[in-house]
Amino acid sequence: MLVDVNGIRLAYSDTGEGSPVVLLVHGFPLNRSMWDPQRGALRSAGARVIAPDLRGFGASESGPAAPLTMEQHADDMVGLLDALEVREPVVYVGLSMGGYVGFALWRRHPARVRALVLADTRASADTPAGRTDRQRIALLAEELESPQPAMDAMLPRLFSPHLRAGSLPEQLVRGMIGSSSSRAVADGERGLAARADSFSTLPTIDVPTLVIVGEHDVLTPPDESRLIAEGIPSARLVSIDQAGHMSNLENPEAFNEALIGFLREV
Ligand code: MLT
């Protein structure tokens, strides 16, 4: 489905009805299909599940060429909820970049958030070396007019050593990155590089929070999640066995158990 939000058409799925409303926000440079193993389980648990493609990604439009900032994505999420007439605060679930967007949403629109799930993400901003690398990938994607530089940089780091090459989660992620536009990769990397440090946000978060991390995550390692969980007064940390950065895809059973257990608590 498509809806007009902040001057662009945003693609989303919206299934189930009632309460709680769970908003699933994907990582970079992926799209909402990364949540396929969660949507059915959440619906069976009685939730209404909304999963958007962030601007520039999946089937959503990109708008004018500019860094895709976490603030813009957060404002788009509020625009989407308004368009769908979702007035109640949502359980926000974000993985990696989706987590960065979650921090921006909390800073800008805390009344829209009933609870937070921050999966495989970090509160820190990029290091200077990290920013330089993002700029390199952005320029190369533009030059080659291809998302391949993001594939080369990320794919080897997204899964644990337990995952067999060519298995379904890897094929899914390859498909998502491969179908991203070079523009989404370039504008996305520049938006990620510009994101704020969120450590000062952590103590302000006063809604129930679940922090999830794959035990083998090398992109946003477990230490980053520990720092998030220590900084948020109401947070709990769950480690997902036999999973790397894409913990929801690599071990969906454990991820869903943690997520649905948390939904029941809140
Ligand atoms: C993601 O999975 O969203 C990205 O790895 C985030 C990042 O590059 O920092």
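Residue pairs whose Cβ atoms lie under 6 Å apart, separated by 6 or more positions or on different chains, with the first residue in the range 27-51 and free of Cβ contacts under 8 Å to residues at least 40 places away in the same chain and the second assigned to a helix (DSSP H, G or I), are V49/R39; V49/L42; V49/R43; A51/R32; A51/W35.
Any residue in the range 85-100 that is modelled with pLDDT of 95 or more, part of a helix (DSSP H, G or I) and more than 19 Å from L192 (Cβ to Cβ)? Among the residues of the range 85-100, not one is modelled with pLDDT of 95 or more, part of a helix (DSSP H, G or I) and more than 19 Å from L192 (Cβ to Cβ), which makes the answer no.
For (1) within 16 Å of the ligand (Cβ to nearest atom); (2) of a type in the set (D, E, K, R); (3) within 24 Å of F199 (Cβ to Cβ), each residue gets a yes or a no:
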| site | (1), (2), (3) |
| --- | --- |
| R107 | no, yes, yes |
| A115 | no, no, yes |
| A119 | yes, no, yes |
| S146 | no, no, no |
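Residues that are open to solvent by less than 40 Å² (accessible area, probe 1.4 Å) and assigned to a loop (DSSP other than H, G, I, E, B) within the range 207-265 comprise V207, D217, L219, T220, I232, A243, G244, H245, M246, N251, listed in sequence order.
Take the range 62-97 and flag every residue that is farther than 24 Å from L259 by Cα, touching a helix residue (DSSP H, G or I) at 6+ places or on another chain (Cβ under 8 Å) and open to solvent by 30 Å² or more (accessible area, probe 1.4 Å). S62, A65, A66, P67, T69, E71, Q72, D75, listed by residue number. Can you find a residue that is buried (at least 21 other Cβ atoms within 10 Å of the Cβ) and outside any helix (DSSP H, G or I) anywhere in the range 125-146? Among the residues of the range 125-146, not one is buried (at least 21 other Cβ atoms within 10 Å of the Cβ) and outside any helix (DSSP H, G or I), which makes the answer no. Of all residues in the range 15-41, count the ones that are assigned to a loop (DSSP other than H, G, I, E, B) and crowded, with 23+ Cβ neighbours inside 10 Å. The qualifying residues number 6. Taking the criterion of being surrounded by fewer than 13 Cβ atoms within 10 Å (Cβ to Cβ) and either at pLDDT 95 or above or among the aliphatic types (A, V, I, L, M) (or both), the residues of the range 158-174 that qualify are A165, L168, Q171.
Got a sec? Which of P169, P221 is touching a helix residue (DSSP H, G or I) at 6+ places or on another chain (Cβ under 6 Å) and within 25 Å of R134 (Cα to Cα)? After ruling out the rest, the residue left standing is P169. Kindly indicate whether any position in the range 44-52 is within 15 Å of the ligand (Cβ to nearest atom) and more than 24 Å from V266 (Cα to Cα). No, the conditions are met nowhere in the range 44-52. Among the residues of the range 232-266, the ones that are out of contact with any strand residue (DSSP E or B) (no Cβ under 8 Å at 6 or more places or on another chain) and within 20 Å of R114 (Cβ to Cβ) come to 6 in all.
The values are calculated or read from the model by the stated rules, or taken from the named source; none is laboratory data. Everything numeric here is computed off the predicted structure, so don't read it as measured data. Cβ coordinates were reconstructed from backbone atoms using ideal geometry, including for glycine residues, and neighbour counts include every protein chain displayed. Accessible surface is based on the protein model in full, side chains and every heavy atom, while ligands, DNA and RNA are left aside. Shrake-Rupley method; radii C 1.70, N 1.55, O 1.52, S 1.80 Å.
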